[in-house]
Each structure stands twice: as structure tokens, then as C-alpha cells.
């Protein structure tokens, strides 16, 4: 296989966002539906003139309404400890959705007051708490984008691995540890990190050989990229001594800040690919 580092570095992708990267709608609606009954009870308070009196009436018959308070503040915690400063003194306000204080509506009204949630219920506030919480859930879900971003590269590469295995009658394991490989295919993999998990292990049931795959994507630079190059050069040699092929699929414009260590690893390792190369079916060209 002819190696061409200029092609690798010149075809790196700026982004690998997929449609489901932005919002996990299934999770958003599932989370909001869990509180829908309670939120509809709280809708009773919207626009009421004497909010404190109406809140007491609602709380006396429905103390479970406090379970919705945290999400109205866009937090996941069910128990909140709030530090309060007033006139040179301080105190802690403890809130727990599971704490039963049926006769203490004052505490929970105070929570609405001090947290600013009362603004939601005045005439100039919102019209429906269910819709409001769906919006809150979308915002909270956006915090999960970092985790989704970390798995995007694996998901994309897995689609190519799955297609390859289907076309060539191969087998694969995702997040494969040495023990997984031994248990499934009775093959030994010895690495310096006993609990190392490879993103994919691809096995040929005829030749009884495997190829191990690691994938990553880097938008930004930093010292980590140089360290990864060194680690994967060592890993390539370690596996080659066991007659195991190691494939590294990496991408992202962050590599423009670490071209030299990437080129050194590219020249040392037999298989270093990016997504454009996978799109051009480079995996199918390998000897399986």
C-alpha cells in the first residue's frame, strides 16, 4: 500500500457531527413526561393574584409538586444545599424532594421566592410549565454534547467496520479487552496495559487472525496529541511482535498543530487512516 502523508493531512475533517449530536429528543421528552402531571398541577398557579395563598392550597393537597422545583431551575440534583448570605450572617438552606414536611409550606414558598421561580408564575411569566420544562431539558441535554462527541468517531468508524465484516464474512467486537478476545476467539493479546480496551477487534474466522483498531478525533491541539502518537507507535511495535496488525483511524484539524509527531507515527506504523480514506474503502484493500 502506497503511503502518502500529504493526502492524510490534507483530507482531515473539520467536524464529524451527526444529526443526533445536537439534541437527544427521546431523552428530552422522556424526562419531561416523568413530571408532566406535577407540572400540570403547578400550571394552576400561573397568573394567580394571591400566589402564596394559592400555593398553600395546592401544596396541602399535592405535596409532590416540590419534585418539579429543581428542573424549573435547570438542575438535575434532587437534593440542594444552598448557601445564603444576609446582613453579615450566613445560613444553609437544605432542599430535598424526598423529604416529607407536609406542614411546612412556608419553606417551599420561600424556596420559590429566594430562587426567583416566582417570576414564572406572575402574569408576565410563562403560559405552560410543561413547554417550559421541555425547553429546559433541551438546554440540559446540550451539556451532554461533549460525551456524545467523544463517541461520534467510534460510531462512524463502526459503520465501516460493520459493512466490512458483512462483505468479507469477518467478526468484530467493540470495546474489546484482551479477556474478551480470549473468551470469544481463544486468541491471546499481550499489552503493557492489562485492562486496555481496543475500540474494535476484527477477526477472520478462517485465518484465525485479528486486527485491532483505535479511533479518535481532535478538533483542538495540545500536548496530548504528541503523547498519543508516541503511545500508538509503541503499541504498534508491541502488537507487531505478536503478529497482530494495529490500525489507527484518526481525524480532526487539531492535527495541524502536531503534524511532525503524526507524520513520524504515520511513517512508522503500517496502518494510519483518516475518515476520507475509509470513505474510499481503504479497509477493503487490506489483507484480511
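The values are calculated or read from the model by the stated rules, or taken from the named source; none is laboratory data. Keep in mind the model is a prediction, meaning the values are calculated, not measured. Cβ placement follows ideal geometry from the backbone for every residue including glycine, while neighbour counts extend to all protein chains displayed.
Whether any residue in the range 29-37 is assigned by TED's automatic domain parsing to the domain that holds residue 127, outside any helix (DSSP H, G or I), within 37 Å of the chain's Cα centre (by Cα) and under 14 Å from residue 136 (Cα atoms) is what I want to check. Spell out the reasoning first.
From the range 29-37, those assigned by TED's automatic domain parsing to the domain that holds residue 127 are 29-37; that's our starting set.
Restricting the remaining residues to those that are outside any helix (DSSP H, G or I) gives 35.
When the remaining residues are screened for being within 37 Å of the chain's Cα centre (by Cα), the result is 35.
Then drop every residue that is not under 14 Å from residue 136 (Cα atoms), which leaves 35.
Yes: one or more hits.
Is it the case, given these coordinates, that residue 160 is in the same structural domain as residue 216 (by TED's automatic domain parsing) and under 26 Å from the mean Cα position of the chain (by Cα)? Working first, answer last.
Working: in the same structural domain as residue 216 (by TED's automatic domain parsing): yes; under 26 Å from the mean Cα position of the chain (by Cα): yes.
Judged against the criteria, residue 160 is a match.
Which condition from (1) under 25 Å from the mean Cα position of the chain (by Cα); (2) closer than 25 Å to residue 14 by Cα is the one that residue 176 breaks?
(2)
If you take just the strands (runs of 3 or more DSSP E) that sit entirely in the range 207-288, which of them hold at least 2 residues that are touching a residue at least 24 places away in the same chain (Cβ under 8 Å), within 15 Å of residue 157 (Cα to Cα) and touching a helix residue (DSSP H, G or I) at 6+ places or on another chain (Cβ under 7 Å)?
209-217, 245-251
Out of all the residues in the range 111-143, which are assigned to a loop (DSSP other than H, G, I, E, B) and either in contact with a helix residue (DSSP H, G or I) (Cβ under 8 Å, 6 or more places away or on another chain) or modelled with pLDDT of 95 or more (or both)? I'd like the intermediate steps shown before the answer.
Step one: of the range 111-143, the residues assigned to a loop (DSSP other than H, G, I, E, B) are 116-117, 122-128, 143.
Of everything in the range 111-143, those that are assigned to a loop (DSSP other than H, G, I, E, B) and either in contact with a helix residue (DSSP H, G or I) (Cβ under 8 Å, 6 or more places away or on another chain) or modelled with pLDDT of 95 or more (or both) turn out to be 117, 122, 125, 126, 128.
So, of the residues in the range 1-14 that are surrounded by 13 or more Cβ atoms within 10 Å (Cβ to Cβ) and under 24 Å from the mean Cα position of the chain (by Cα), which turns out to be nearest to residue 118 (Cα to Cα)?
13
Does the range 90-97 contain any residue that is within 29 Å of the chain's Cα centre (by Cα), over 23 Å from residue 139 (Cβ atoms) and either surrounded by 12 or more Cβ atoms within 10 Å (Cβ to Cβ) or modelled with pLDDT under 90 (or both)?
yes
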